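Down below is the structure, laid out as structure tokens.
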Amino acid sequence: MKSLVRLATRAVIVASTVLVPTAVSAQAAVGQRSYQGIFGGSGHDPAIRHHLEFQFGATEAYDSDDAPSEFVGSPSELVTTGYSTVLQASSDYRWKGSRMEVGASTNSVLRYFNIDDSFRSSDHTAAVGFNARLTGASSVFVNQTAVYTPSYLYRLFPLDPNIDPGDAPPSGADYQVVDIPSYSYNTDVAFTQALSSRNALVASANYSQTQSDSLLFDLTSYTLRGDFKRTFSRRFSMQAGYYYRTGVYRAGPDASEHGVEGGFEYTKPLSRTRAASIGLRIGGGTLRGGQVETPTGFTTEDYDVVSAGVHGSYQFGRSWLASVTYDRGIEYVPGFPDPVAASGLTVGLQGALTRRLDMSTSFGYSYGDSGLFEQRFPFHTYTAQATLRVGLTRTIACRIEYLYYHYTFADTTTLTLGVPASLERNGIRAGLAVWVPAFRR
């Protein structure tokens, strides 16, 4: 139980890892590039304000891992070595008007395992959201996601905190460890009220709930925060605020956290189609939730916590984007009995080598332990990915990918049945993707 982390609740921390949820990312606000390769499903064209498109993929995969023999064949075992076929389907809808932006997306992954001649439903996500300007001085952002997945452990790799309407958590089908399906629902809401041309107040809230076949993974979390934002120029802004979060565990005592955070956002245009951006936040607060025995009984202990985060991006060439995200703080994660004190780093690079060939690479590292008790479930986890995609026609591309994944927990950690204390996995995928634009205008 103490070893499991899942991607499905990535959105639990969206409101807590940034100063305020935003509808449009800093890198998208300036320097959107219209470079298009021969495969029309890649790239971005800012001139298209209304579109609906679908993608379908069929991929042959091979995975090898070092799972101990005692875990192979366990009832919940999904650490399957060998060949499999991955079928994936996704859709994306976007509409941008003068006062409102709407987005919706879906993604489904179905996997066939040769070793036991079976299909397994791996991952399903759906999201819908909007960003609307109510008046000249106020706006509201809402995003709702729903996720089904049995995937764990790499959700602590930090992601870019800026989200668009209709953004959903990325698929975790390649990171399955045990087969305990979960259903997660997440709601983000932010209301912005301008006080002047430079000053604004932002109130935001997050609600997230995860339900599963095991009560050990059920968790509900809430986040409330208020921020004051000061814009000094089109490029630079600062903000500071107060936040309150709580996690309600079905298998353990509840925990809560409150504190203050402050930071800045800076965007530098490099050309008409390129930009660099950086965001920084730092804060401190108090975490309450640990039960400590005293001569007169049990009492609730308070702990000082420090949070910090950095995210940056740099656009170069006609299509290249480099990005880095670092996050340190308290997370409420299904599968852990306590709040998790975690630090994580994600680095990415993507772009087009030619009109027919594009690539993406990423690396992630995360480590942490209980935020309440030392050496309760200390862990380290790594991942690396490299993908090449070749556009055969405007609607068909072939894809080759290499994936590396590793995690380890301390020997003293008590793990859920079917979960090895350490796992190293290598995988390779090759297949075809088909892009179907229903309409674009």
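The values are calculated or read from the model by the stated rules, or taken from the named source; none is laboratory data. These figures come from a predicted structure and were not determined experimentally. Note that we place each Cβ from the backbone using ideal geometry, even for glycine, and neighbour counts take in every protein chain shown.
Here are some notes:
Table: residues versus (1) in contact (Cβ under 8 Å) with a residue 24 or more places away in the chain; (2) of a type outside the set (Lys, Arg).
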| position | (1), (2) |
| --- | --- |
| Leu353 | no, yes |
| Tyr382 | yes, yes |
| Arg394 | yes, no |
| Leu403 | yes, yes |
| Val434 | yes, yes |
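- Answer from Arg394, Arg429, Arg425 - the residue that is of a type in the set (D, E, K, R) and closer than 26 Å to His51 by Cα: Arg394
- Spans of strands (runs of 3 or more DSSP E) in region 184-294 with at least 2 residues more than 30 Å from Glu374 (Cα to Cα) and of a type in the set (A, V, I, L, M): 199-212, 236-249, 275-294
- Region 340-356 - residue that is β-branched (Val, Ile, Thr) and not in a loop (DSSP other than H, G, I, E, B) and, of those, surrounded by the most Cβ atoms within 10 Å (Cβ to Cβ): Val340
- Among the criteria (1) crowded, with 16+ Cβ neighbours inside 10 Å; (2) at pLDDT below 95; (3) more than 27 Å from Val305 (Cα to Cα), the one Val248 does not fulfil is (3).
- Criterion (buried (at least 21 other Cβ atoms within 10 Å of the Cβ), modelled with pLDDT under 80 and not β-branched (Val, Ile, Thr)) met by exactly one of Asp174, Asp160: Asp174
- Being within 15 Å of the chain's Cα centre (by Cα), among the small types (Gly, Ala, Ser) and at pLDDT 90 or above holds for only one residue in Ala146, Ala104, and it is Ala146.
- Subset of region 83-99 (residues that are closer than 12 Å to Asn131 by Cβ and not charged (D, E, K, R)): Trp95, Gly97
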